[in-house]
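See structure below.
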Amino acid sequence: DQQVKQNSPSLSVQEGRISILNCDYTNSMFDYFLWYKKYPAEGPTFLISISSIKDKNEDGRFTVFLNKSAKHLSLHIVPSQPGDSAVYFCAASAVGTGGFKTIFGAGTRLFVKA
Amino acid sequence: GAGVSQTPSNKVTEKGKYVELRCDPISGHTALYWYRQSLGQGPEFLIYFQGTGAADDSGLPNDRFFAVRPEGSVSTLKIQRTERGDSAVYLCASSLTTSGGVNEQFFGPGTRLTVL
């Protein structure tokens, strides 16, 4: 049972354009969401997070949007740069119920073409 | 400062053998996590430590898997009677634990385990 789903295994975007990575979740107890970025042969690196009390969080070129009613979140990267090419993981946890267990999606591989 | 380190970086073993994977978290991080990542998948939660105790071990697949963190710092993941299906990258992460439970985790580079 995949509680966090990233249905697009890959995405290709031209440099300078917007990258939109999507994530859906099924567990309504999730109240904290994170995006991680992973380069080959390295561990995932935290990128940005959002609490369920918000619907948007922005950090530089990265913005995460949360739609609780649809159980959907998305990561926007504007403008996309070749160095953004990596695998992006969406993750969720139920912090409010005392859970630190984090569930990850399968990832989306982003290719940013120069 | 030093990040999370994991040793060995690669481990090749034979089916039925015992292996130990080590994780050194960031100094001062009270929370430590183990994950397993198979090809084409995201990290799969195995176990979470708060200090020395395993606060949530619900992700351990069976009783062949065991993890310890005796002094609240270094952790060892132990796998008995390894099977070919155990082959994966084992990731360790650590984090501070805030009152709000926000858990930005810092990951190590992983140990690639191959069971022949």
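Please give the strands (runs of 3 or more DSSP E) falling wholly within the range B:18-100 in which 3 or more residues are open to solvent by 10 Å² or more (accessible area, probe 1.4 Å) and among the charged types (D, E, K, R).
Values: elements: B:19-24, B:31-37, B:44-50, B:53-56, B:65-68, B:75-79, B:88-95.
Ranges flagged: B:19-24.
Just name the residue that is nearest to B:G59 (Cα to Cα) out of those in the range A:88-114 that are outside any loop (DSSP other than H, G, I, E, B), more than 9 Å from every other protein chain (Cβ to nearest Cβ) and open to solvent by less than 50 Å² (accessible area, probe 1.4 Å). Don't jump to the end; show me each part of the working.
We begin by selecting, within the range A:88-114, every residue outside any loop (DSSP other than H, G, I, E, B); these are A:88-93, A:95-97, A:102-104, A:108-113.
Next, from what is left, pick out any that are more than 9 Å from every other protein chain (Cβ to nearest Cβ): A:88, A:92, A:97, A:108-113.
If we keep only those that are open to solvent by less than 50 Å² (accessible area, probe 1.4 Å) as well, we get A:88, A:92, A:108, A:110, A:112.
On the way: A:Y88: 22, A:A92: 15, A:T108: 23, A:L110: 28, A:V112: 35 Å.
Ranking the candidates gives A:A92 first.
Every residue, every condition in (1) in contact with a Ser or Thr (Cβ under 7 Å, 6 or more places away or on another chain); (2) away from chain B (no Cβ under 12 Å); (3) of a type outside the set (D, E), yes or no:
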residue	(1), (2), (3)
A:E15	yes, yes, no
A:N27	no, yes, yes
A:Y32	yes, no, yes
A:P40	no, no, yes
A:I48	no, no, yes
A:S52	no, yes, yes
* Are there any pairs, at least 6 apart or on different chains, whose C-beta atoms fall under 8 Å, with the first in the range A:42-63 and of a type in the set (K, R) and the second surrounded by 15 or more Cβ atoms within 10 Å (Cβ to Cβ), and if so, which? -> A:K54/A:L66; A:K56/A:I50; A:K56/A:T63; A:K56/A:V64; A:K56/A:F65; A:K56/A:L66; A:R61/A:I77
* Asked: Inside the range A:45-69, can you point out the residues that are closer than 16 Å to A:Y25 by Cα and outside any loop (DSSP other than H, G, I, E, B)?
  -> A:S49, A:I50, A:S51, A:V64, A:F65, A:L66, A:N67
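The values are calculated or read from the model by the stated rules, or taken from the named source; none is laboratory data. Keep in mind the model is a prediction, meaning the values are calculated, not measured. Because the Cβ atoms are built from the backbone with ideal geometry, glycine has one as well, and the counts that use them run over all protein chains shown. Protein only, heavy atoms only, side chains kept; ligands, DNA and RNA dropped before computing areas. Shrake-Rupley method; radii C 1.70, N 1.55, O 1.52, S 1.80 Å.
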